[in-house]
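Below you'll find the structure, written out as structure tokens, and then a few comments.
Each reported figure results from applying straightforward, stated rules to the coordinates on display, with no laboratory input. For clarity, every value in this text was computed on a predicted model and none was experimentally measured. A quick note on method: Cβ atoms are made from the backbone with ideal geometry, for glycine too, and the neighbour counts reach across all protein chains shown.
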Amino acid sequence: MAAAGSGATAGHENWSSRSAFILAAVGSAVGLGNMWRFPAEAGENGGGAFVLFYVFCVLLIGLPVLLSEVLIGRHGQASAPDSVQKVAQDSGASKGWSVIGSLGVFAAFLILSFYCVVGGWVVYYIGVFLGDLFQTGLTGGAFEGRAAEDIESLLPGLFGNGMLMIGLNMGFLAATIFFVARGVSSGIEWVAVYLMPLFFLLFLGITVYGAFTGNFSEAVTYLFTFDFSKLTGEVMLAAVGQAFFSLSLGVAGMITYGSYASRNTNLGATSGIIAGADTAVALLAGLAIFPIVFAAGLSASVGPGLMFQSLPIAFQAMPFGSLIGLAFFIMVFFAALTSSVSLLEAPVAFVKDRFKMSRMTATIIVGLGAAVLGVLSSLSFNDMADFRPLAFIPLFAEANFFDALDGVTAKLFMPIGAILTCIFVGWVADAKLIDDENGLDGVLHQTWRALVRYVCPIILAVILFFGIFG
Ligand code: TRP
């Protein structure tokens, strides 16, 4: 492995190269958020208006916050709370700012626990398409002779089976634990360096295939025709929220990954690459899914069911449907795994540093915690469907355990974490320190600074407000 960056604290791990850092960070950003959530949100929010505003949010809010996070990590060279604390100390500010890191680590842990539940659904569909490939053969469409309702009911069927849900959830979590336990350069990097390129290859293949066999022009029109009248407050909120989730922001994940970056990585340029790649994948995911869905005459606006229910139906009409479906879900699995690995890494780095534990012990402890929450989330779809853990909070009164975790992290932890990060980097941290770290010059530097100081916190505060009271 290459030498650690010159600024590294003794014993703190490092990426073996700049490209390993980029691949791992892109791996964290590209996940279920791009493949499942983005097309669903775009479809539910009318297509083009949402998409354009989404890109706008990535540039104006996502990118500046992303740079702020990796910058804190790279300067701190430690787990998220300790990195924030180091920047605070070097700026003569209160150690209390480390709360940004602690809240983030906790939120990442919560997200991990339900992210692995959805990861389990992906594993289930891999199994479904694999089985179907054996049954119906290579060349025909998927699920030959089966009614659309029958294919659609696969997901509720899975939800009804608590034991299977838990088993798949635990399987996905176990894979995540395996790679995180192996460490930064030999575990996490390995997944990023081998699985991300494989993901891109499969992904490109499916997009090109969809372009030729599906209804590509309708999809392009749908996704890129900007209709101003469709840009409502609700659509804008959904777009900012999606930009945040997709870039893995607000919950210490990118602070942690930044901490493994070496001194000679240009963080400004690297953040641009990460945000660019993540956005490109989201747009391409739309261009992969919608042509197939439109060609089968299905609706774009079904929401979360789009990838798990509509798309499998659409594969029915396609030659090599089972094979394409199998490839598609394997690809989503890779993307999700590189994201869950980063969600686990943030709390593991913290536990390991703070309690002076080995990586192995820290990973197992955090993993067991995520397993317990995961069981409760898996059961939210069946045996515990009526359990309302946050019944005493009006905003979350109706949420089951899974929805409560999703709601609390997306509506509270992520925006609050990001607002605090902007205030900290924009106003509290030493300007010279920030200037030395960010890799930006001249106008770019000025623009970034203005965005972090004024634009981002204000827009984020509005989102937080409407998320709670809207
Ligand atoms: N960005 C990931 C995705 O698109 C998921 C994610 C959300 C995430 N928040 C995160 C990953 C925080 C790491 C850290 O699927």
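What to note about this one:
- In percent, rounded to a whole number, the relative contact order of the chain is 33, using alpha-carbon pairs under 8 Å and six or more apart.
- Taking 0.36 nm per residue of sequence separation and removing the Cα-Cα distance, the PHE56/ASP386 pair yields an extension gain of 114.9 nm.
- Angle in degrees between helix 414-423 and the longest Cα principal axis of the chain, rounded to the nearest 10: 30 degrees
- Low-density loop positions, chymotrypsin sites (Phe, Trp or Tyr not before Pro), the range 225-279 - DSSP coil, at most 16 other Cβ in 10 Å: PHE226
- Inter-label distance, ASN264 to ALA397: 6.0 nm, where each label sits 7 Å from its Cα along the C-beta direction.
- Distribution of pairwise C-alpha distances over the range 22-469, 10 Å bins, in %: 5, 21, 32, 27, 12, 3, 0
- Two-site FRET efficiency, LEU368 against ILE468, from Cβ-Cβ distance with R₀ of 35 Å, rounded to 0.05: 0.60
- Paramagnetic reach from VAL443 in the range 60-79 [backbone N under 20 Å; point 7 Å along Cα→Cβ]: 60-61, 63-64
- Projected label distance in nm at THR361 and LYS432, using a 7 Å step from Cα toward the beta-carbon: 4.1 nm
- Relative counts (whole %) of C-alpha pair distances in the range 238-295, using bins that are 10 Å wide: 18, 41, 27, 11, 3
- Sorting ASP436, ASP278 from the fewest to the most surrounding beta carbons within 10 angstrom yields ASP436, ASP278.
- Modelled spin labels at LYS95 and SER153, positioned 7 Å past Cα toward Cβ, are 6.1 nm from each other.
- Among the chymotrypsin sites (Phe, Trp or Tyr not before Pro) in the range 316-400, those placed in a DSSP loop whose Cβ has at most 16 other Cβ atoms within 10 Å are PHE355, PHE387, PHE392.
- Exposed loop sites here are GluC sites (Glu not before Pro) assigned a DSSP state other than H, G, I, E or B and surrounded by at most 14 other beta carbons within 10 Å; excluding them, the longest clear run of the chain is 145-397.
- Furthest towards positive pole of dipole, TYR115, ALA175, ALA288, structure part the chain, Cβ charges: ALA175
- Acute angle (nearest 10 degrees) that the helix 196-213 long axis makes with the longest principal axis of the chain, alpha-carbon atoms: 40 degrees
- Qualifying trypsin sites (Lys or Arg not before Pro) for the range 323-384 [loop in DSSP, other Cβ within 10 Å: at most 10]: LYS356
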